[in-house]
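Comments concern the structure below.
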Amino acid sequence: MRSPLRPSTGGRTSRRCGPFVYPSRFEGFGIPVIEAMACGVPCVVSSHPSLDEASGDAALRADPDDPAALAEAVHEAIARRDELVERGLEHAGRFTWLETGRIHLQGYADAL
């Protein structure tokens, strides 16, 4: 185990990690998936529909109740690392606080 990560080195350390595996069954959005993608980590994510937006087409999906499917997806994520990292960085880049604010303001304007 490493000591706690400093903000200045956390991203660099994360990029050397294996796939981020998130077999959640119940999720509101999936911010950890976006964070992992933004750090350049390939993701294996639950096939539960609640993670559709967070994972987009940039993560491999697997049934969280099927250990063999999860293991297969992890092996695939390792083999396709470069592709998944590139897609993940692009996907995560769409989720900014500026865009979040714009969407909220548009929602308020639409409600008026």
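Just to verify a result, which residue in the stretch 26-59, among those that are over 17 Å from Glu90 (Cα atoms) and small (Gly, Ala, Ser), is modelled with the lowest pLDDT?
Gly28
Confirm whether Pro23 is surrounded by 10 or more Cβ atoms within 10 Å (Cβ to Cβ), modelled with pLDDT of 60 or more and within 20 Å of Glu86 (Cβ to Cβ).
no
Just need a number here: residues in the stretch 31-46 that are of a type outside the set (A, V, I, L, M, F, W, C) and surrounded by fewer than 19 Cβ atoms within 10 Å (Cβ to Cβ).
Residues flagged as of a type outside the set (A, V, I, L, M, F, W, C) and surrounded by fewer than 19 Cβ atoms within 10 Å (Cβ to Cβ) within the stretch 31-46 amount to 2.
Residues being surrounded by 14 or more Cβ atoms within 10 Å (Cβ to Cβ) and closer than 17 Å to Cys39 by Cα: count how many of those fall in the stretch 50-80.
Of the residues in the stretch 50-80, 8 are surrounded by 14 or more Cβ atoms within 10 Å (Cβ to Cβ) and closer than 17 Å to Cys39 by Cα.
Return a yes/no flag: does the stretch 85-98 have any residue that is without any contact (Cβ under 8 Å) to a residue 60 or more places away in the chain, among the basic types (Lys, Arg) and surrounded by fewer than 13 Cβ atoms within 10 Å (Cβ to Cβ).
Within the stretch 85-98 (the criterion being without any contact (Cβ under 8 Å) to a residue 60 or more places away in the chain, among the basic types (Lys, Arg) and surrounded by fewer than 13 Cβ atoms within 10 Å (Cβ to Cβ)), the answer is yes, since at least one residue qualifies.
The values are calculated or read from the model by the stated rules, or taken from the named source; none is laboratory data. Nothing here was measured: the structure is a model prediction, and the numbers come from that model. Cβ: placed from backbone, ideal geometry, glycine included. Neighbour counts: every protein chain shown.
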